[in-house]
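Participant: First, the structure itself, so that you have it in front of you.
The values are calculated or read from the model by the stated rules, or taken from the named source; none is laboratory data. Computed from a predicted structure; not experimentally measured. All Cβ positions, glycine included, derive from the backbone under ideal geometry; neighbour counts span all protein chains shown. Keep in mind that these areas ignore ligands, DNA and RNA; they rest on the heavy atoms of the full protein, side chains included. Shrake-Rupley method; radii C 1.70, N 1.55, O 1.52, S 1.80 Å.
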Amino acid sequence: MTVNIRVRQGDTLWSYSQLFQVPFNLLLDSNRDINSTALHIGQIIRIPGFRIQTYIIQRGDSLWRIAQQRGVVLDTILLVNPDLNPNTLQTGQKINLPKRVVAPIVSGKRFYDYAALQQDLNQLKNVYPFMVKRQIGNSVMGKTIDEIQIGRGAKKVHMNGSFHANEWITTPILMQIVNEYLLALTNNRPIRGRIRLPSYNNVLLSVVPMVNPDGVDLVIHGAAAEEPYHRDVLSINRGSTNFSDWKANIRGVDLNNQFPALWEREAAENPKEPSPRDFTGYSPLTEPESIAMAELTRAGNFSRAIAFHTQGKVIYWGFEGLEPPESRALASEFARVSGYQAIQYVQSSAGYKDWFIQEWRRPGFTIEIGRGINPLPISQFDEIYEENLGIFLASLYM
């Protein structure tokens with residue numbers, strides 16, 4: 001439950017920031033719909049990084065005693081109980097207590113489908129209202145494609161996961177990293193020795209955790225009963241109900257072969273009809289998922305873009321000599337903090353990273369996380385998480 005409080009006479013956002021020990025900019029961005037310099041009595045203010053906990057009054061309790069036992073400021077209890085008379089507490093009476101969130105919401109080490117993503121996105125938005133969650137498009141089957149935005153800086157860093165269906169582990173990796181970042185911001189605590197609030201003030205982070213929700217659900221759960229999708233995917237998969245090799249969207253188009261960056265070359269070398277992998281489509285940007293990503297990127301003016309894939313523990317950072325000089329330094333730092341190998345060129349085209357570099361001449365990266373056969377086993381999650389947390393942090397501070 002979101003912690004909402006009502007403005008009292010003389011209250012300010014700054015006073016709430018001090019009472020709840022929440023950085024002022026996080027509080028400001030959690031309440032974008034208000035005039036922070038002209039609060040009025042009774043106005044609702046959202047407090048990030050807290051949840052409401054119900055407490056039952058015990059014999060001999062006072063608000064002062066409860067505050068001392070729970071380690072909270074007395075005035076915060078009054079703020080979340082605006083109609084409470086502290087002088088008439090009764091045994092058995094229920095009151096609200098503000099509880100700081102100090103543990104992750106996201107549990108990524110599991111089979112992480114579209115429903116799990118939506119549940120976690122909604123919970124994170126509830127606890128961290130300064131995080132923007134917005135729909136940038138829909139999949140073929142109508143599932144939402146969502147973007148997270150965190151921060152207020154001029155440098156714009158974009159990340160995405162699950163372009164490829166059987167590389168779905170990239171989504172929970174990204175989501176758990178985002179959750180760790182949100183915890184560090186609201187609790188003003190470091191990650192790997194650095195306080196993270198400067199990153200919030202300097203960087204606008206954009207994350208699309210799951211580009212291909214239909215494909216992810218297909219790999220994890222098998223063919224949906226809904227037609228024509230059930231019939232079509234079985235036909236594309238030559239009758240097999242094993243979709244572990246499926247990279248494409250639900251129509252058999254490889255979304256990371258859909259971008260107008262030497263697309264014709266890629267199309268000439270790959271399947272000419274819908275396939276579990278590698279089919280480029282009949283022309284660039286035909287699929288709603290790739291169109292959504294292209295429109296987001298055109299509007300986003302990103303300083304750099306990172307697409308997370310699996311597998312190989314490598315970092316691809318060049319395309320046709322169009323990458324800027326700063327890409328080398330970033331790739332080198334990503335390699336240092338992750339232990340992955342930085343590779344400038346690979347025989348590849350029509351990918352999101354390729355298109356980003358070609359169109360904007362800015363640093364673009366494909367990170368191939370983990371090593372093995374896709375889909376990677378969930379047992380690799382913890383190791384992959386630690387490797388890519390370093391890349392995430394480096395992308396913000398460099």
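Participant: Just checking, does the stretch 375-396 include any residue being among the hydrophobic types (A, V, I, L, M, F, W, C), open to solvent by 40 Å² or more (accessible area, probe 1.4 Å), within 30 Å of Ser283 (Cα to Cα) and more than 18 Å from the chain's Cα centre (by Cα)?
Facilitator: Scanning the stretch 375-396 turns up no residue that is among the hydrophobic types (A, V, I, L, M, F, W, C), open to solvent by 40 Å² or more (accessible area, probe 1.4 Å), within 30 Å of Ser283 (Cα to Cα) and more than 18 Å from the chain's Cα centre (by Cα).
Participant: Further question on the same structure: Among the residues that make up the stretch 328-339, is at least one of them open to solvent by 10 Å² or more (accessible area, probe 1.4 Å) and within 19 Å of Glu167 (Cα to Cα)?
Facilitator: Residues of the stretch 328-339 that are open to solvent by 10 Å² or more (accessible area, probe 1.4 Å), as a first pass: 328-329, 332-333, 335-339.
With the extra rule that they be within 19 Å of Glu167 (Cα to Cα), the set shrinks to 338.
Yes, that holds for at least one residue.
Participant: Among Gly137, Gly153, which is surrounded by fewer than 22 Cβ atoms within 10 Å (Cβ to Cβ), more than 30 Å from Ser275 (Cβ to Cβ) and in contact (Cβ under 8 Å) with a residue 40 or more places away in the chain? Before you say what the answer is, go through the steps one by one.
Facilitator: On the way: Gly137 fails: more than 30 Å from Ser275 (Cβ to Cβ).
Step by step, each of Gly137, Gly153 is checked, and only Gly153 is surrounded by fewer than 22 Cβ atoms within 10 Å (Cβ to Cβ), more than 30 Å from Ser275 (Cβ to Cβ) and in contact (Cβ under 8 Å) with a residue 40 or more places away in the chain.
Participant: From the residues in the stretch 156-171 that are part of a strand (DSSP E or B) and touching a Gly at 6+ places or on another chain (Cβ under 9 Å), which one is surrounded by the most Cβ atoms within 10 Å (Cβ to Cβ)?
Facilitator: Top of the filtered list is His158.
Participant: Taking Ala342 as the residue in question, decide whether it is part of a strand (DSSP E or B), of a type in the set (Gly, Ala, Ser), surrounded by fewer than 21 Cβ atoms within 10 Å (Cβ to Cβ) and at pLDDT 95 or above.
Facilitator: Yes: the conditions hold for Ala342.
Participant: Only one of (1) touching a helix residue (DSSP H, G or I) at 6+ places or on another chain (Cβ under 9 Å); (2) surrounded by 15 or more Cβ atoms within 10 Å (Cβ to Cβ) fails for Leu183. Which number is that?
Facilitator: (1)
Participant: Another question, if that's okay. Quick one: count up the residues across the stretch 52-74 that are farther than 16 Å from Lys99 by Cβ and in a helix (DSSP H, G or I).
Facilitator: Pass one, the stretch 52-74, residues farther than 16 Å from Lys99 by Cβ: 57-62, 64-65.
Next, only the ones that are in a helix (DSSP H, G or I) stay: 64-65.
Here the count works out to 2.
Participant: Right, another one. Within the stretch 246-257, is there a residue that is surrounded by fewer than 18 Cβ atoms within 10 Å (Cβ to Cβ) and in contact (Cβ under 8 Å) with a residue 12 or more places away in the chain?
Facilitator: At the first step, the residues of the stretch 246-257 found to be surrounded by fewer than 18 Cβ atoms within 10 Å (Cβ to Cβ) are none.
No, because not a single residue in the stretch 246-257 is surrounded by fewer than 18 Cβ atoms within 10 Å (Cβ to Cβ) and in contact (Cβ under 8 Å) with a residue 12 or more places away in the chain.
Participant: While we're looking at this one, here's another question. Quick check on the stretch 65-87. Is at least one of its residues touching a Phe, Trp or Tyr at 6+ places or on another chain (Cβ under 8 Å), surrounded by fewer than 12 Cβ atoms within 10 Å (Cβ to Cβ) and either modelled with pLDDT of 95 or more or not basic (Lys, Arg) (or both)?
Facilitator: no
Participant: For Gly281, are the conditions met, namely being without any contact (Cβ under 8 Å) to a residue 60 or more places away in the chain and touching a strand residue (DSSP E or B) at 6+ places or on another chain (Cβ under 6 Å)?
Facilitator: When the stated conditions are applied, Gly281 does not pass them.
Participant: Restricting the search to the stretch 210-242, which residues are open to solvent by less than 10 Å² (accessible area, probe 1.4 Å) and in a loop (DSSP other than H, G, I, E, B)?
Facilitator: Met210, Val211, Asn212, listed by residue number.
Participant: Could I ask something else about it? Can you find, within the stretch 118-128, the residue that is nearest to Asn81 (Cα to Cα) among those that are open to solvent by 10 Å² or more (accessible area, probe 1.4 Å) and not basic (Lys, Arg)?
Facilitator: Restricting attention to the stretch 118-128, the residues satisfying the condition of being open to solvent by 10 Å² or more (accessible area, probe 1.4 Å) are 118-119, 122-123, 125-126.
If we keep only those that are not basic (Lys, Arg) as well, we get 118-119, 122-123, 126.
Values: Gln118: 31, Gln119: 28, Asn122: 25, Gln123: 23, Asn126: 19 Å.
Of everything passing the filter in the stretch 118-128, Asn126 is nearest to Asn81 (Cα to Cα).
Participant: Answer yes or no: is there a residue in the stretch 259-273 that is touching a residue at least 40 places away in the same chain (Cβ under 8 Å), in a helix (DSSP H, G or I), small (Gly, Ala, Ser) and open to solvent by less than 50 Å² (accessible area, probe 1.4 Å). Walk me through how you get there before you give the answer.
Facilitator: Looking only at the stretch 259-273, we keep the residues that are touching a residue at least 40 places away in the same chain (Cβ under 8 Å), and these are 259-263, 265-267.
Right, trim to in a helix (DSSP H, G or I) and you get 263, 265-267.
Now drop any that are not small (Gly, Ala, Ser), which leaves 267.
Checking the rest, the ones that are also open to solvent by less than 50 Å² (accessible area, probe 1.4 Å) come to 267.
Within the stretch 259-273, one or more residues are touching a residue at least 40 places away in the same chain (Cβ under 8 Å), in a helix (DSSP H, G or I), small (Gly, Ala, Ser) and open to solvent by less than 50 Å² (accessible area, probe 1.4 Å).
Participant: Next question. Going by the conditions given, is Phe356 open to solvent by less than 10 Å² (accessible area, probe 1.4 Å), among the hydrophobic types (A, V, I, L, M, F, W, C), part of a helix (DSSP H, G or I) and free of Cβ contacts under 8 Å to residues at least 60 places away in the same chain?
Facilitator: For Phe356, the condition - open to solvent by less than 10 Å² (accessible area, probe 1.4 Å), among the hydrophobic types (A, V, I, L, M, F, W, C), part of a helix (DSSP H, G or I) and free of Cβ contacts under 8 Å to residues at least 60 places away in the same chain - is met.
Participant: Under the condition of being in a loop (DSSP other than H, G, I, E, B) and of a type in the set (A, V, I, L, M, F, W, C), which residue from the stretch 75-90 is nearest to the chain's Cα centre (by Cα)?
Facilitator: Checking each candidate, the answer is Val80.
Participant: Of Thr297, Thr366, which residue is of a type outside the set (D, E, K, R), part of a strand (DSSP E or B) and either in contact with a Ser or Thr (Cβ under 6 Å, 6 or more places away or on another chain) or closer than 26 Å to Arg265 by Cα (or both)?
Facilitator: Thr366
Per-residue answers, yes or no, for (1) open to solvent by less than 60 Å² (accessible area, probe 1.4 Å); (2) over 30 Å from the mean Cα position of the chain (by Cα); (3) closer than 25 Å to Asn179 by Cβ:
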position: Thr2; (1), (2), (3): yes, no, yes
position: Gln9; (1), (2), (3): no, yes, no
position: Ser15; (1), (2), (3): yes, yes, no
position: Gln18; (1), (2), (3): no, no, no
position: Ala38; (1), (2), (3): yes, yes, no
position: Arg46; (1), (2), (3): no, no, yes
position: Phe50; (1), (2), (3): yes, no, yes
position: Ile56; (1), (2), (3): no, yes, no
position: Arg59; (1), (2), (3): no, yes, no
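Participant: Is it the case that the stretch 186-206 has a residue that's open to solvent by less than 40 Å² (accessible area, probe 1.4 Å), under 15 Å from the mean Cα position of the chain (by Cα) and closer than 18 Å to Ser107 by Cα?
Facilitator: No, the stretch 186-206 contains no residue that is open to solvent by less than 40 Å² (accessible area, probe 1.4 Å), under 15 Å from the mean Cα position of the chain (by Cα) and closer than 18 Å to Ser107 by Cα.
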